[in-house]
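Working notes, structure below.
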Amino acid sequence: MLEALFREIAQRPAATYQRQRQQVMGTPGAQLPITVHHLSLAHCGVQLTLRYELGNHNLAEVRFTYQGQRAIPAFELDTREPLARLFRFNKAVWIINCRDGRFERELRRLLEAHRLTRLAEDTLFNPLMKGKENAAEWELYTRYHLAFADKEKSVLPILDFHCGVIDYLYQEYGLATERGPVEE
């Protein structure tokens, strides 16, 4: 089902999908099958890459780099563990460290709007996101474990979230390309 979803997304303009299957040695005499799904697509002239590895580490990674016309603040986003939320007065799912209050509010809005908050509340979806300056570019890197049921329910929300961040960056910080946000 995950492969079918990636193939459907790859039907978008400027999108590509590739699946790799391999076997690695597990415990003595056992072969461990690994499937890696690679999806690449463009949004507003920015290239997004998604990588879902199943079988060994069971990790998802999403990233893009962005060249704005001025400095973009760094941020780090993590989730509170479900048990910690149970016993804390502050039941908030997200821990966001960002020096720009407007950017932090927009990140929270995007998390809610693209159903990532609900996904984190209902499953073991626990992403770590880092947005930071990397040489002359700003990079957003997201990584999360796929140790929850219905892994495919994370694909579109995380993709839409990243597209929303790109749209916000374009509006607030400009872009080195000619194209602006597009309606999908």
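None of the figures in this text is laboratory data; all of them are computed from the coordinates on show. Keep in mind that what you see is a predicted model, and the values were worked out from it rather than measured. Here the Cβ positions follow ideal geometry from the backbone for every residue, glycine too, while neighbour counts run over all protein chains shown.
With only Lys, Arg, Asp and Glu charged, each at its Cβ (+1 for the first two, -1 for the last two), find how big the charge dipole of the stretch 2-173 is about the Cα centre; round to the nearest 20 debye.
Roughly 200 debye for the stretch 2-173.
Only helices at least 24 Å long along their axis, Cα-based, and averaging -0.5 or more on Kyte-Doolittle count here, so list those DSSP H runs from the chain.
Within the chain the helices that satisfy the rule are 155-173.
Can you tell which of 162, 103, 125 lies farthest toward the positive end of the dipole of the chain, using +1 and -1 charges on the Cβ of basic and acidic side chains (Lys, Arg; Asp, Glu)?
Toward the positive end, the furthest listed residue is 125.
Please list, ordered by chain and number, the residues whose modelled amide H lies under 5 Å from the amide H of residue 43; skip anything fewer than 5 residues away on the same chain.
48
What are the ³J(HN,Hα) couplings of the stretch 13-26, residue after residue, when phi is run through the Karplus curve with 6.51, -1.76, 1.60 and θ = phi - 60°? Round to Hz, x for glycine and proline.
Going residue by residue, I get x, 6, 10, 9, 10, 9, 10, 10, 10, 8, 10, 10, 6, x Hz, with x marking Gly and Pro.
If I compute Cα Rg over 2.2 N^0.38 Å from the structure I just sent, which labelled value in [x] 1.05; [y] 1.95; [z] 1.09 lines up?
Here Cα Rg over 2.2 N^0.38 Å agrees with entry [z].
Taking the highest mean first, how do the peptides 33-43, 126-136 order by number of other beta carbon atoms within 10 angstrom per residue?
33-43, 126-136
Which one, 147, 67, 48, is farthest towards the positive end of the dipole of the stretch 2-173 when Lys and Arg carry +1 and Asp and Glu -1 on their Cβ?
147
How would the stretch 1-107 be classified by its alpha-carbon gyration tensor: rounded, prolate or oblate, with rounded meaning a/c under 1.5 and the a/b versus b/c comparison settling the rest?
oblate
In deg cm²/dmol, rounded to 500, what helix-only [θ] at 222 nm does the chain give when every DSSP H run of at least 4 residues adds -39500 (n - 2.57) and the total is split over its residues?
Taken over the chain, the calculation gives -8500 deg cm²/dmol.
Applying the Karplus parametrisation 6.51 cos²θ - 1.76 cosθ + 1.60 with θ = phi - 60° to the phi angles of the stretch 95-100, what ³J(HN,Hα) value in whole Hz is obtained for each residue in order, glycine and proline being reported as x?
Using θ = phi - 60°, the values come out as 10, 10, 10, 8, 7, 9 Hz.
Residue 10: net charge of surrounding residues, Cβ under 13 Å, Lys/Arg +1, Asp/Glu -1, itself excluded?
Combined, the nearby Lys, Arg, Asp and Glu give +1.
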